[in-house]
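First the structure, in the form of structure tokens, and then the observations on it.
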Amino acid sequence: MNDPAPEPIPQALAVPKAGRSLPLVWIVPAVALAIGVWLALSTWLERGPVIEIHFRTAEGLQAGKTRIKYKDVDVGHIGEISLATDLTGVVATAHLSKGAEKLLVEDTRFWVVRPRISGSTVSGLQTLLSGTYVAVDVGKSTQRRRLFVGLEQPPAFTTDVPGRQLTLRSEDIGSLDIGSPVYYRRLQVGQVAAYALEDNGKAVRVNIFINAPYDRFVSAASRFWHASGIDVALDAEGVRLKTESLVSLAIGGIAFATPLEEAEPAPITSDRVFELYRSQVAAFKSPDRIADSFALVFNQSVRGLQPGAPVDFRGIVVGEVAAIHTQYDPQSERISIPVEIRVYPERFTSRLLGGAPKSGRLGKDSLFIARLVERGMRAQLRTASLLTGQLYVAFDFFPDAPRARVDFAHSPPELPTTPSTLEDLQATLVSLANKLERVPLEQMGADFTRAMESIDALARRLDTELAPEARATLAEMRNTLSEATKTMGAASRTFNAAEKSLAPDSALFSELQDTARELARTAQSLRTLADYLERNPQALLRGKSTDGQ
Amino acid sequence: MSAAAELGVLACGMCGLLSRAPAAPAAACPRCRARLAFRRPQSIAHGWAYLIAAMALYVPANTLPIMYTSSLFGSSGDTIMSGVLFLWDSGDWSLALVVFVASIVVPLAKMIALAALLASVQLGWRSRRAERARLYRLIESIGRWSMLDIFVVALLVALVQLTALAAVRAGPAAPAFGAVVVLTMAAAQSFDPRLIWDRERPRA
């Protein structure tokens, strides 16, 4: 480049100024601000209610991560987790999405869904991978609430499942657990929802839930029983084995049925508590609503009699032994054993006879019971099993029993007893033994020994003194006998000869026959002669006429 | 040293032709007819406008979730900061640092720097002109790196769409954040660095 002279700079073109007082560019921040405000506002408006849930532990919960789900729909998340002020648990602050206010009523329940394996159910497996979440079950109340206590166990059923909740009362929980099945005709129709010990600790209350439509099969007369285990019944038909299902065999369950005789099912009141029986048989035993107590005083051992032992009347179990006491009577200085029994008078009333007495209260109807005793009704201890020695109380009529009265002065009234047959037998045996004892057995034994000795001596003497003579006599006898034998032989021969001579074909016999014939003829001649002489007696003098007449 | 403006000469931004400024309020290049001005017109006003817009969107960009991930087992929304914290907690400190710097520090620093530049020019500060010029060059060069987040979100949204198993959706913060980056770049672009060197206070 050789540095040329610079070109003159041209004049720029003059153009009219763009007439914009407010530059368009200010729209940009205005729009941005509007968007920002809108986003902020919408986020703020989207914000739902914030609630606090009290859990026992924060196991599986993560602040800011753990979701809250209702019917598997995300309705919020756990924001913060902090310890409760009294350190008894944790307080999870939950941020719910907008519109979740409807979920937050008085009886809404929250629980943590984590993998659970209980007897019959495996649940929450999906949380193994996804992590735990908090599930909600919305209640039916309209009362709003912001503070909740989370459940430790997931509820067995949610509020929106149609059905009916029932309360059962059981002596113990058996093998039941939350979620244990409830069977109706061996069909699973519900499950155990909860259980709790009664306040006095004497029984367990089990809440069960029967799903619709099966809940209509429950009536006030329904009976519930433990379906766990096997029922083995030994009766006249043989051995019967009964169980609900293998599942209930393993994990337990509850079965129920309504007795057929209840024609119209009575409605269930809300506070009705059903009894949970031990077995189906127990459940269907007609309930004994009336129980009368009596005391029976036995003067014999009650070993083998236990509380719960049956009280029967001619084979029908009408009650049970309630308690066995001992009683010392300072006046008579005797210890007696009063046995308290419970009699269920309803068991006496017969269904067969329509006109059963309406009162049926044996204990109250003192006249009636007194009359029965008058007629000889007595209580007696009897042996149920000779093998085990178990006793039971039997009532029967003993018309020959000594007269006795019902002692109504006591409470409970005291009924007369009679010694048991076994006891009678024992008494007889004892008296027999006493008699035997009085027999001078030892002396008898000595006498017997002496007698035996003298017999022995006698025998020996016989042996030494009499035997030789006897032997000689025997020899003689033998000779005599042989003689006799010979004589007999001779006699036999004589008899043979006689026999021969008397035989029909023998000469003697034919001679005899001839002789007899001769004799017959002679006799005939004699008869003719006699006849002739009768008609002609003159012939004796004149002789026989020749002309005949 | 004298600037072109002080000599009354205009340089065409399109074809580079020099021309003398006319008396008229507006001028055009005699060769290519492009509009001519001594300094970018409304540079400061535009700068402020873009900057204010960026600032307004910066708040939702950082407080709202930028990405929703939903898998078989639930869905969750993550803000930029929660993502950084998650990376930090899980031990990826370097990555956490990168994301933190690119997504939070850089846009913030850029906005602060731009605000400082605009204010300094508007108030006609004379000192530290060289440093301010360097700051401006720095701002211009790093501006694009802030788009890292947006690229990541865009990629994930496009790739992770296994409908049933997992899905990623962009959250409301994503467009806001993108807008913040674009607006700061626009603000930087509209700022005329020559104003730093002008002897007198600009007229507009």
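The values are calculated or read from the model by the stated rules, or taken from the named source; none is laboratory data. Everything numeric in this text was worked out from a predicted model, so none of it was measured. Note: ideal-geometry Cβ built from the backbone for every residue, glycine included; neighbour counts use all protein chains shown.
Restricted to region B:37-50, and to residues there that are at the interface with chain A (Cβ under 10 Å from one of its Cβ atoms) and in contact with a Ser or Thr (Cβ under 7 Å, 6 or more places away or on another chain), the residue that is farthest from B:Ala109 (Cα to Cα) is B:His46. None of B:Leu118, B:Leu10, B:Leu18 is within 14 Å of another protein chain (Cβ to nearest Cβ), at pLDDT 85 or above and more than 25 Å from A:Trp38 (Cα to Cα) except B:Leu118.
Considering only residues that are part of a loop (DSSP other than H, G, I, E, B), more than 13 Å from chain B (Cβ to nearest Cβ) and polar (S, T, N, Q), which ones fall in region A:72-128? If the condition is that a residue be part of a loop (DSSP other than H, G, I, E, B), more than 13 Å from chain B (Cβ to nearest Cβ) and polar (S, T, N, Q), then A:Thr85, A:Thr88, A:Thr108, A:Ser118, A:Ser120, A:Thr121 are the ones that fit. Within region A:72-113, the set of residues being under 15 Å from A:Phe148 (Cα atoms), in contact (Cβ under 8 Å) with a residue 40 or more places away in the chain and surrounded by fewer than 19 Cβ atoms within 10 Å (Cβ to Cβ) comprises A:Thr93, A:His95, A:Glu101, A:Val105, A:Asp107, A:Arg109, A:Trp111. Might you let me know whether region A:111-128 holds any residue that is out of contact with any Pro (no Cβ under 8 Å at 6 or more places or on another chain), modelled with pLDDT of 80 or more and over 18 Å from A:Glu59 (Cα atoms)? For region A:111-128, residues out of contact with any Pro (no Cβ under 8 Å at 6 or more places or on another chain), modelled with pLDDT of 80 or more and over 18 Å from A:Glu59 (Cα atoms): absent.
Can you find a residue in region A:171-178 that is part of a strand (DSSP E or B) and outside the structural domain of A:Lys140 (by TED's automatic domain parsing)? Within region A:171-178, none of the residues are part of a strand (DSSP E or B) and outside the structural domain of A:Lys140 (by TED's automatic domain parsing). Here's a check for you: in region A:148-170, which residue that is hydroxyl-bearing (Ser, Thr, Tyr) and assigned to a strand (DSSP E or B) is surrounded by the most Cβ atoms within 10 Å (Cβ to Cβ)? Ranking the qualifying residues of region A:148-170, first place goes to A:Ser170.
B:Pro65 meets all of the listed conditions (1) under 30 Å from A:Thr127 (Cβ atoms); (2) in a loop (DSSP other than H, G, I, E, B); (3) over 22 Å from the mean Cα position of the chain (by Cα) but one, namely (3). The sole residue among B:Met81, B:Met55, B:Met111 that is within 13 Å of chain A (Cβ to nearest Cβ), surrounded by fewer than 20 Cβ atoms within 10 Å (Cβ to Cβ) and in a helix (DSSP H, G or I) is B:Met81.
Within region A:39-71, restricting attention to residues that are part of a helix (DSSP H, G or I) and at the interface with chain B (Cβ under 9 Å from one of its Cβ atoms), the residue that is surrounded by the most Cβ atoms within 10 Å (Cβ to Cβ) is A:Leu39.
Do we have any residue at all in region A:181-188 that's modelled with pLDDT under 80 and either surrounded by 15 or more Cβ atoms within 10 Å (Cβ to Cβ) or in contact with a strand residue (DSSP E or B) (Cβ under 7 Å, 6 or more places away or on another chain) (or both)? No - not one qualifying residue is present in region A:181-188. Applying the set (1) within 18 Å of B:Leu64 (Cα to Cα); (2) aliphatic (A, V, I, L, M); (3) in contact with a strand residue (DSSP E or B) (Cβ under 6 Å, 6 or more places away or on another chain) to B:Ala166 leaves exactly one unmet item: (1).
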